[in-house]
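The values are calculated or read from the model by the stated rules, or taken from the named source; none is laboratory data. Here the structure is a predicted model, which is why all the values come from computation and not from measurement. Cβ coordinates were reconstructed from backbone atoms using ideal geometry, including for glycine residues, and neighbour counts include every protein chain displayed. Each accessible area value is taken on the protein alone, full model and side chains, heavy atoms only, with ligands, DNA and RNA left out. Shrake-Rupley method; radii C 1.70, N 1.55, O 1.52, S 1.80 Å.
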Amino acid sequence: MKCDYACQSADHRIARRDFLGTLAGGFVVGGLGALATPTAAAHLKREQMRVLVVYMAGGLSQLESWDPKPKTDTGGPFRAIPTAVPGMHISELLPQTAQHMDKLSLVRSINTRNGDHAKGRHQMERGRNQMPGQEFPHLGAVMAKSLERADNPLPGYIRVPGGGRGRDAAYLGPRYNSIGVNGQPPANSARAGSLTEQADQSRNDFRRRLNDRFMQQRRTAETDVYLQSYEQALQLMERRDVFDVDKEPAKEHEKYGPSDFGRHCLMSRRLLEHGIPFVQVSHSNYDTHNENFNFHLEQLGEFDQAFSALIGDLHDRGMLESTLVVVMSEFGRTPRINARFGRDHWGNAWSVCLGGAGVQPGAIIGKTNENGTAVVDREVNHGDLFHTYLSAVGLDSSDSFDIGGRPQPLADPAHAPIHELLS
């Protein structure tokens, strides 16, 4: 849905570029180094942990979702409804999600002190404030590196929808940059029709012989990167159907709904089932400066059906115990309703929903005051949440990556996990 009322910032619009450009050039290794905690490594190998982020681009209203304040001066027209957790209420716009809240939890006391799209997105996706001259990796890159498995040739960090290769891994290197997909097999991932399988095999064998000869005298980190990119691309071509959501039965499409978001959620489940460590699905655009209530009525209807179907599937298939699910935005929306029946940018008292993996189900962390204008209990911020996400999949959030002999903390050392949220 196009939102003419939004603030038109470029930061919450989703880019749709061509996937991979050239397939081999898309997969590049870099940023060598790994976690040093053997207990974490053993846990990850056993559980095959994964992460799904549903990003509500533009700034989802907490008052129309996770922290409704009906019958107050800021509450708006919608009711609060009971959920599967006694005493927990969410907006009536999420009736199907309400039935799954016994599998999920809420953090209602976020204060990022920020109302800017770009800065807010950086905070929530990287767990740190923006700093001049310093780039930090996206949560997806951190998870792709930390949760990767050597026997899985598929990319570690995928955006849905999207296209092309992102530049969001910072010092972890281009191997962990995101890749955007749109529900179809990647472009350039099928063998050309004019090329026989035998000819293709001969061509790759010849390439490998030349590379082996070259590396006997001139092997460098750069040549290793080049070789690995080709081999991973070939392995990906063999598993290209993983990305084809049309392989799912019609009843699955019906369950998730006819919207693009429903299709993207169905694809995310498919990717997680095939061992992708991190998938981020975006739903846009929640930047509701005008007509906030009409828009949330429509947009959350799409979200509610698809998201509840996804949570139900992850639970029924035994995947939720090893899959962290996070529904986040760059900030919330103002409790005060403006003259255009909209809500503006608000980072001082808002909410996220999360569950699965090591998150205690059915919990409510923190509290805002009666009309949602301030946090009154257990204030947390983006740094605390980032630590919590890492801890929920069994990682030591105080650990560091070894990047060229220098330790780089996984998360901002000034913060810590929300321990009461973790099981």
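For the reader, a short list of remarks on this structure follows.
- 2 or more residues modelled with pLDDT of 95 or more, basic (Lys, Arg) and surrounded by fewer than 18 Cβ atoms within 10 Å (Cβ to Cβ): qualifying helices (runs of 4 or more DSSP H) within the range 189-282: none
- Qualifying positions in the range 405-423 - in a loop (DSSP other than H, G, I, E, B), open to solvent by 10 Å² or more (accessible area, probe 1.4 Å) and either on the phi > 0 side of the Ramachandran plot or in contact with a Gly (Cβ under 8 Å, 6 or more places away or on another chain) (or both): Gly405, Asp412, Ala414, His415, Ser423
- Some residue of the range 314-326 being acidic (Asp, Glu) and open to solvent by less than 10 Å² (accessible area, probe 1.4 Å): no
- Single residue of the range 381-404 satisfying the filter (touching a Leu at 6+ places or on another chain (Cβ under 9 Å) and part of a helix (DSSP H, G or I)) that is nearest to Lys145 (Cα to Cα): Leu390
- Residue in the range 380-395 that is modelled with pLDDT of 95 or more and open to solvent by 60 Å² or more (accessible area, probe 1.4 Å) present: no
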